[in-house]
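Everything on this sheet refers to the single structure shown next.
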Amino acid sequence: MRQPMVAGNWKMNGSSDSVKELMAGIKAGMDSVKNTEVVVCPPAVYIPRVVGAAADSGINVGSQNICDQDRGAFTGEISGEMLNDVGCGYAIIGHSERRSLYGETDELVAKRFAAARRNGIKPIFCIGETLEEREQGITNDVCSRQIDAVIALEGVDALADGVIAYEPVWAIGTGKTASPEQAQEVHAFIREKIRGLNADVADGLRILYGGSMNAANAAELIGQPDIDGGLIGGASLKAEDFLTICRAGG
Ligand code: 13P
């Protein structure tokens, strides 16, 4: 059985006060989350204080990105060594906003995946197609290509060290969720593709859905056989909504 995971991607939102309030709200409701692994991914500057606030709560902390290099002259970057040093256990990698707004290629994303692994950080590896790509009928090809870049660099077994988040770009921040059937279809494709290379990795791999998942639609999405949780943007900024989604995981 795969343990469900719900991760909150706070993106570039928050302040000292709001981060404190949000963490207090999530912690207060953690007793009601039975079996789901809970992760929050704050903006990097707030990671140390969120790690502090999360102590003994069962909440794990992740970053929203990670440098492909471990140290040195890489102005503006944050390394896996540093993230590990401050108690950060996960890193979102290859989010579509990084790919589309900051030009991250499949190859760079794969290098970031490798950097997370060698520093003991679990990658939350994001893939997904744009609306145009879906309309062209190449959704599976795009997801396949994005996964293949990581497999080419790190091997298929490396996928077992993290989770995949399928986030159709057209569903992110738009209020337009993929239907449970649409999402399940792609999740099943991803798992089958990996099963062709290593059945154990495929069976154990958690594949999260992301894109306008909220308190109202989470249970039906997570109820699909190949959807093992969610990567949540907007709804992760409200403690009650986030907790409702975590409870939907069980
Ligand atoms: P929304 O939940 O706001 O659509 O964002 C999804 C997302 O990008 C999570 O990484």
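The values are calculated or read from the model by the stated rules, or taken from the named source; none is laboratory data. Just so we're clear, the structure is a prediction, and the values are computed from it rather than from any experiment. For neighbour counting, all protein chains shown are included, and Cβ atoms are generated from backbone atoms with ideal geometry for every residue, glycine included.
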Total residues in the stretch 12-48, condition of a type in the set (Gly, Ala, Ser) and within 12 Å of Ile59 (Cβ to Cβ): 4
Suppose we filter Ala215, Ala235 for residues that are buried (at least 20 other Cβ atoms within 10 Å of the Cβ) and within 14 Å of the ligand (Cβ to nearest atom); which single one remains? Ala235
Residue in the stretch 218-229 that is modelled with pLDDT under 95 and of a type in the set (Gly, Ala, Ser) present: no
Restricting to the stretch 85-110, name every residue that is under 13 Å from the mean Cα position of the chain (by Cα) and hydroxyl-bearing (Ser, Thr, Tyr). Tyr90, Ser96
Can you confirm whether the stretch 165-175 contains a residue that is out of contact with any Phe, Trp or Tyr (no Cβ under 6 Å at 6 or more places or on another chain), surrounded by fewer than 22 Cβ atoms within 10 Å (Cβ to Cβ) and among the charged types (D, E, K, R)? no
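Does Ser57 satisfy the criteria of being within 16 Å of the ligand (Cβ to nearest atom), surrounded by fewer than 20 Cβ atoms within 10 Å (Cβ to Cβ) and small (Gly, Ala, Ser)? Break it down into steps so the answer makes sense when it comes.
Numbers: within 16 Å of the ligand (Cβ to nearest atom): no; surrounded by fewer than 20 Cβ atoms within 10 Å (Cβ to Cβ): yes; small (Gly, Ala, Ser): yes.
So Ser57 does not fit the description; no.
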Tell me yes or no: at least one residue of the stretch 141-153 is within 18 Å of the chain's Cα centre (by Cα) and in contact (Cβ under 8 Å) with a residue 60 or more places away in the chain. no
Test Glu192 against the stated conditions and say whether it is free of Cβ contacts under 8 Å to residues at least 12 places away in the same chain, assigned to a helix (DSSP H, G or I) and exposed (fewer than 14 other Cβ atoms within 10 Å of the Cβ). yes
Residues to consider are Asn13, Asn60, Asn9; find the one that is at pLDDT 95 or above and in contact with a His (Cβ under 9 Å, 6 or more places away or on another chain). Asn9
Restricting attention to the stretch 176-186, and to residues there that are touching a Leu at 6+ places or on another chain (Cβ under 9 Å) and not in a loop (DSSP other than H, G, I, E, B), which single residue is surrounded by the most Cβ atoms within 10 Å (Cβ to Cβ)? Ala183
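Looking at the stretch 90-98, can you tell me whether even one residue there is of a type outside the set (Ser, Thr, Tyr) and more than 16 Å from the ligand (Cβ to nearest atom)?
No, every residue in the stretch 90-98 fails to be of a type outside the set (Ser, Thr, Tyr) and more than 16 Å from the ligand (Cβ to nearest atom).
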When you scan the stretch 154-170, how many residues do you find that are among the aliphatic types (A, V, I, L, M), touching a strand residue (DSSP E or B) at 6+ places or on another chain (Cβ under 7 Å) and touching a residue at least 60 places away in the same chain (Cβ under 8 Å)? 2
Check whether at least one residue in the stretch 144-154 is within 16 Å of the ligand (Cβ to nearest atom) and closer than 24 Å to Leu221 by Cβ, and report yes or no. yes
Single condition Lys111 does not satisfy, out of (1) within 16 Å of the ligand (Cβ to nearest atom); (2) under 14 Å from Asn65 (Cβ atoms); (3) not polar (S, T, N, Q): (1)
Which condition breaks for Ala202 when tested against (1) near the ligand (Cβ under 10 Å from one of its atoms); (2) buried (at least 18 other Cβ atoms within 10 Å of the Cβ); (3) more than 22 Å from Ser63 (Cα to Cα)? (1)
